[in-house]
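Q: Sharing a structure below in structure tokens format, with a few things to ask.
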Amino acid sequence: MATTKTSLWEKVAYALGDAAAGGIVWKIMSIAFPLFFTNVFGLSFADAATLMLIARLFDVVTDPIMGSLADRTQSRWGTYRPWLIFGAIPLGLVFALLLYTPDFGPVGKRVYAYALYLIMMAVYTAVNVPYGSLLGVMTDDDNEKNQFSSFRMVGAYAMGFVTLLSFPYLQKFVGGTDAHQYATLGAYFGIAAAILTLICGLCTKERLKPVRAEKYSMKQFGDLFKNKPWLILTCAGICTNFFNGFRYAVAGYMISYCLGGDVTIGALIINYTVLMAFGEVTCMIFGGVSPKFTAWIGSKRKAFMAAAAICLVTSVAFFFIPMNPKFIWLMVAMVILTSVGIGIYSPLLWSMYADVADYATEKFGTSSTGLIFSSGTMAQKLGTAISGSLIALLLGLAGARMIPDDFGNTVIDPTSVTESVKTMVWALFSLVPAVLALIMGWLAYIFPIKK
């Protein structure tokens, strides 16, 4: 089979898709939403946890349906690109509305949050599942697929770095109440996400034709569970997103309660978004290095195992850093080192999904690229949201209580932040991810595709 070479601009355009979805929408949903819903919007810990858990159960159904639907799409724009082109504006609009705090009572707010969050998940799925599936039809060259996957991660982490680093400064620039700040930034970032998604859809090409099933059939879903590489990689994907989900969702609480608030060093404000921004730029750099590292070490699975080992060691080390602002640069250093591992394994995961899709086509005779890539987005949302739900519940079990503030928002009662609560937060950022890294390494070890 002749291989297909692609242009640098097309790789950049593909990267813009995850700059929007991963670097803006998902990054803010991962790191800001748990704190936003409880401390600004006014939901209780139980409501926030339940909301995210319901959304994940919703995704278990919608993600594979979307993957199967995308595989069967036929249009003048191709199979997967039309979902990006026509989903760009809804993605940005719903995201903006989700960061708006309406002047409703407790019941009205709860209904608004639940409805908008579920709609957001559905729109995100309708854009991001086809986006991931594009990797399987833009080229048949395995090296090119690795490069596209690497560009994707660089785009996501570069935009994530910009988003997280700029967020606290943009909040100060906007001014007003916290609710006003989040609503305004939601509009700005929503517009940016829509534009980047549209560029990605318009400036990429589908060169390979999927081998379509003649009609819709549940056989495709059944075939997934006969696909050993898919089962292993899906478990690994869930673990990687739990790893990131715990860290990002608990970072705000860690700064607020373990360190006593934002740490100011000269003109630099280190809050939870800035702390994680150091990791984003590291992931961006090592996401670009990942293909060369993989070629040097000999295979994707070996590179994945090495990355998981880095995450394991550095996560354990973080737990032993004292909970004191004086050690903030040591914390930053450990976040950076952990992000070396994340940066290496992130593009590998999506490239390995493309390998699994090729394996499925050879074994079962029809393309299920969209369906297989939908498991990747489902793992992403499952890990992020369930980790957020577990954090809210575990903090409650550790003794954290919710009280109304002067503006009627529900916040943590400072008097309930005991040493057990702080230790729980610290462990959720370090020891729990370390266990997940260990499982990720083992899953990579038993992954049967040796490319």
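Q: Calculate how steeply helix 8-20 sits against the longest principal axis of the alpha-carbon atoms of the chain, using the helix alpha-carbon long axis, and give the answer as 0 to 90 degrees to the nearest 10.
A: 40 degrees
Q: Follow-up. Excluding Thr282 itself, calculate the net charge of residues whose Cβ lies under 15 Å from the Cβ of Thr282, where each Lys or Arg counts +1 and each Asp or Glu counts -1.
A: +1
Q: Can you quote the Å³ per residue value for the convex hull of the Cα atoms in segment 46-153, rounded to an integer?
A: Dividing the Cα hull volume of segment 46-153 by its residues yields 123 Å³.
Q: Something else now. Output the 0 to 90 degree angle, nearest 10, between the alpha-carbon long axis of helix 369-398 and the longest principal axis computed from the alpha carbons of the chain.
A: Rounded to the nearest ten degrees, it is 20.
Q: Pairs Lys145/Lys363; Lys172/Lys422; Lys145/Lys450; Lys145/Lys451; Lys205/Lys451: which exceed 18 Å Cα-Cα?
A: Lys145/Lys363; Lys172/Lys422; Lys205/Lys451
Q: Hey, can you find the accessible area per residue of the chain for me, probe 1.4 Å, expressed in square angstrom?
A: Computed with neighbouring chains in place, this is 38 Å² per residue.
Q: Further question: Hey, what number do you get for the chain at 222 nm if only DSSP H runs of n ≥ 4 count, each worth -39500 (n - 2.57), divided across all residues, to the nearest 500?
A: -25000 deg cm²/dmol
Q: Sticking with this structure for a sec: Tell me, what ³J(HN,Hα) does each residue in segment 440-451 have, in order and in whole Hz, if you take phi through Karplus 6.51 cos²θ - 1.76 cosθ + 1.60 with θ = phi - 60° and put x for Gly and Pro?
A: Residue by residue, segment 440-451 yields 4, x, 5, 5, 5, 4, 8, 5, x, 7, 9, 5 Hz.
Q: Hey, what angle do you get for helix 81-98 against the long axis of the chain, alpha-carbon based, 0 to 90 degrees rounded to 10?
A: Here the helix axis deviates by roughly 10 degrees.
The values are calculated or read from the model by the stated rules, or taken from the named source; none is laboratory data. Keep in mind that what you see is a predicted model, and the values were worked out from it rather than measured. Cβ coordinates were reconstructed from backbone atoms using ideal geometry, including for glycine residues, and neighbour counts include every protein chain displayed. Please note that ligands, DNA and RNA were not included when accessible areas were found on the heavy atoms of the full protein model with its side chains. Shrake-Rupley method; radii C 1.70, N 1.55, O 1.52, S 1.80 Å.
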